[in-house]
Each structure stands twice: as structure tokens, then as C-alpha cells.
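Worksheet: the structure to be examined is printed underneath.
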Amino acid sequence: MNKVVQRLLTFTIAIPICVLLIWVPKWQNHFVLNIIIIVVSLIAVNETHMLLRQNLPVQSRRFVLILSFFISVVTSLCAIFDLSMEYSTFAFVFSLTCILVYEVFSKKTTEEQFSKSLSKIVTSSFNIFYSVFFLTFVQRMTTWQNSREVLVVFLLMVFMCDSIAWLLGITMGKNNRGIIKASPNKSILGFIGGFLGSIAVGILAYFIFFDIFGHLLKMIILGFITALAAIIGDLAESVMKRSAQIKDSGNVIPGRGGILDSIDSIIFAAPAYYITIQFLFNFS
């Protein structure tokens, strides 16, 4: 099947499912969504580990997955049972400590083996920070009073940014590509379309959820910042794949590649959206 058709089908099916998944089952602060995030985080950690080990020494994949699972589960429990999200931060700090302890007490026989410890500490720390901790900001939003509206707007901003950028890029961006060396197929028109798509969602949310997002300028700012973070997230993953000399992070999703290829924008946009919306609207 043509890759363009595969991608269109994926978007057509995935976006409504994601919206329904958030909008309908709000039981226990989006219990189902939190469980899905745990699974997605583990797959993302596995794919990131695969990317990193192409060029750098890494710690045991099983060890990193256990730490990642611990962080995701603690965050989910905090969300589901309305516990303080400080426990999630504590779990993250504890996991970083475990990474250091692992290198201290793992069996060593020669000085040469210690020369790789710094790289192993950095790669494991980056993996759980990038693949797990950033996604906890989505879980944190599930505890808010207006969580359904907030999460739907977030996902639609990211999806529309990605979709419009891709659509304009392949249809009208052939003559203005190459501005970003990390992803030479990306076009200027595509970037502009991404910003416009995200901002359009913000404007639409202003009218549909006026009682919640009743400030047009703030929604435009929110859309702009979310799009900027989503675009940077997409480009950052392109850098990692180029460094590892890998085209796709996996083959989980038709027309998209791996999980990282599909959520790279969400990973970067989640903390940016969370911080911006807290600053602009002070949700809780």
C-alpha cells in the first residue's frame, strides 16, 4: 500500500479514536489513558535504547525498562487515586539515583570498563527523561477538573500541526525544502502550515469551550508554543535517527514507523503545553 495512503488512513482512524478515548471514559481520572501511556512509554524507551546503542555504550535494556515502568506506574497511581504528583517527581529522581548506583556496584574487572560508565549514565538518564518523564505531563493533566477539554485540545493541536505540516509539505513544499539539515524533506511552507493548524485548533477551542478557554489571544499563544514544541520534537527525533543511521525507530504503526516516530511531537509538546496553559489559565 502507498505510504501516503497508509499515513492518511492512520490519521483518519487514530485521531477519532484518541479523542473518543479521552472524551468518553473519564472514570478514575482517565484510568484507561494512564494505562495506555505506561505501555507507550515502555515501547518508546525500548526504541530509544535501540537508537542510542548504535553509537554509544548503554546499560542493560531490562534495567532501564524497569526504571521506566516504575516512573510510569507511580505517576499513573498518583493520577488515578488523586495523590500528589510530587511522588512522580520523586520516582524520577530515585530512578536517576539507581542509574548511578548501578554503575557503582555493577561488576567491573578492568579500568577500561569504567571508561564507558559516563556514557552509560548519560544514555540511561536521557532515555527515561525523554521517553518517560516528558509523557508524565500528559498524565498530570488527567487530574485537572477540565481534563477532557484540556487533553483533547492538546492532542488536536499536535495532530493538526503534524498533519497540516505534512500535507502542505508534500503538496506545495517541494521548492522550499532543505532549510533544516536534520530533516531536509521538511519545507518552510510545511512549518507555516503546522503553526497555522495548531493555532486554528486554539481558535476553535475558544469558541467551543468558551467557559474554559475564554481568552482568544491566550489560545493563539498556546497554539503557537505547542506547535513550536511539536516541531522541535519531530526534528529532534530526526537528529537521533540520523545519528543512529536508522530511517524509522520501529515498524509498529503503518505509514509512520515506530512509536517514537508517532509521538515525538507529543513528547516535546506535553511539558510545553502543560507549563504554558498553567501560566495562562492556572488550571488545577
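The values are calculated or read from the model by the stated rules, or taken from the named source; none is laboratory data. What you see is a predicted model; the values in this text were computed from it and never measured. Quick reminder, even Gly has a Cβ in these numbers, built from the backbone with ideal geometry, and neighbours come from all protein chains shown.
Got at least one residue in segment 208-231 being aliphatic (A, V, I, L, M), touching a strand residue (DSSP E or B) at 6+ places or on another chain (Cβ under 8 Å) and in a helix (DSSP H, G or I)?
Checked segment 208-231: no residue is aliphatic (A, V, I, L, M), touching a strand residue (DSSP E or B) at 6+ places or on another chain (Cβ under 8 Å) and in a helix (DSSP H, G or I).
Quick check: is even one residue across segment 190-206 among the β-branched types (Val, Ile, Thr) and closer than 30 Å to residue 61 by Cβ?
No: segment 190-206 contains no residue that is among the β-branched types (Val, Ile, Thr) and closer than 30 Å to residue 61 by Cβ.
Would you say residue 60 is under 18 Å from residue 42 (Cβ atoms) and at pLDDT 95 or above?
no
Among the residues of segment 28-58, how many are surrounded by 23 or more Cβ atoms within 10 Å (Cβ to Cβ) and among the polar types (S, T, N, Q)?
Result for segment 28-58: 2.
Is it fair to say residue 271 is surrounded by fewer than 20 Cβ atoms within 10 Å (Cβ to Cβ) and modelled with pLDDT of 95 or more?
yes
What are the pairs with Cβ atoms under 7 angstrom where one residue, in segment 214-226, is farther than 20 Å from residue 270 by Cβ and the other, located anywhere, is of a type in the set (Ser, Thr, Tyr) and surrounded by 13 or more Cβ atoms within 10 Å (Cβ to Cβ)? Sequence gap at least six, or different chains.
That search, which allows pairs on different chains as well, returns 216/206.
If you take the residues of segment 130-146 that are in a loop (DSSP other than H, G, I, E, B) and of a type in the set (A, V, I, L, M, F, W, C), which of them is nearest to residue 41 (Cα to Cα)?
In this case the residue turns out to be 135.
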